[in-house]
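See structure below.
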Amino acid sequence: MNNFVKGTSWSTADFESISWHDNYVHGIRFRYAEAPEYVMEVKGKKVICSDEPDLSQLIFDIDVLLPHSGCTKLGFGVSVVTEFLIAPAELVFTEVYDLKMKLGPSPKGPVCGMGIDNVTRKPRKYAAEPKDFFSWVINFSHPRGTISFHAAGFTQQLLAAPVKSEMLRLDDATRDRLLRGR
């Protein structure tokens with residue numbers, strides 16, 4: 001097994017070496033920046049006001065498929081992946097704005113979660129922005145759809161040590177056990 005342990009992390013600088021294909025999404029959360037307060041005078045009285053908070057972080061709870069050589073050789077130069085190395089992780093995009101979600105209907109039958117097809121990014125430079133931002137698009141294979149936004153970057157951290165699995169995702173009981181450290 002590779003040297004992946006709880007706490008192993010990646011960041012924006014690692015983007016070109018990461019693939020999120022077939023990573024399973026367990027949840028999406030939003031963390032908002034605190035809106036600064038200011039005092040305004042209204043009809044001779046001082047009133048404390050604040051603007052709507054800005055979306056600061058877009059957080060995905062995912063199962064990360066890690067590089068692993070769990071293949072079975074079938075012969076004639078053909079092999080198939082029969083085992084996956086998977087760990088629960090948190091993928092956090094920072095300084096997020098202009099968030100758009102478009103998710104299509106699931107195929108007929110039970111909803112079985114969200115699977116990432118790929119993640120793309122394009123540089124976004126504007127004089128008004130003090131640093132480089134990217135336009136990000138997360139494409140989903142099931143259900144079909146996209147989540148797009150602008151963000152400064154991301155961090156991804158393993159929340160537990162990886163385990164071997166015959167499935168592309170962790171079942172809920174295994175994921176819960178790993179996250180509880182048992």
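Where a number appears in this text, it was derived from the coordinates with a stated rule and is not lab data. From a predicted model like this one, the values you see are computed outputs, not experimental measurements. Every residue, glycine among them, receives a Cβ derived from its backbone with ideal geometry; neighbour counts consider all protein chains shown.
The lysines within cross-link reach of K164, meaning a Cα-to-Cα straight distance under 20 Å and a gap of 8 or more places when in the same chain, are K6, K73.
Close amide H pairs (under 5 Å, H built 1.01 Å from N) link H26 with D61, I62, D63, residues at least 5 positions away or on another chain.
For the pair T155 and I48, a Förster radius of 41 Å applied to the C-beta separation gives a FRET efficiency near 0.75, rounded to the nearest 0.05. Sorted fewest first by neighbouring Cβ atoms within 10 angstrom, D22, D171 come out as D171, D22. Taking label points 7 Å from Cα along the Cα-to-Cβ direction, K131 and I59 give a separation of 2.0 nm. In order along segment 141-151, the phi-based Karplus estimate (6.51 cos²θ - 1.76 cosθ + 1.60, θ = phi - 60°) of 3J(HN,Hα) comes to 8, 8, x, 4, x, 9, 10, 10, 5, 10, 7 Hz; Gly and Pro are listed as x.
Taking R0 as 35 Å, what's the FRET efficiency between E16 and R180 from their Cβ-Cβ distance, rounded to 0.05? With a Förster radius of 35 Å, E is 0.55. By the count of other C-beta atoms within 10 Å, a proxy for reagent exposure, M40, M167 are ordered fewest to most as M40, M167. Extension gain, T94 to N3, is 30.1 nm, computed as 0.36 nm per intervening residue step minus the present C-alpha separation. Using the Cβ of N23 as centre and a radius below 14 Å, the other residues enclosed give a net charge of -3, where K and R count +1 and D and E count -1.
Projecting label points 7 angstrom from Cα along Cα→Cβ for M167 and K122 puts them 3.8 nm apart.
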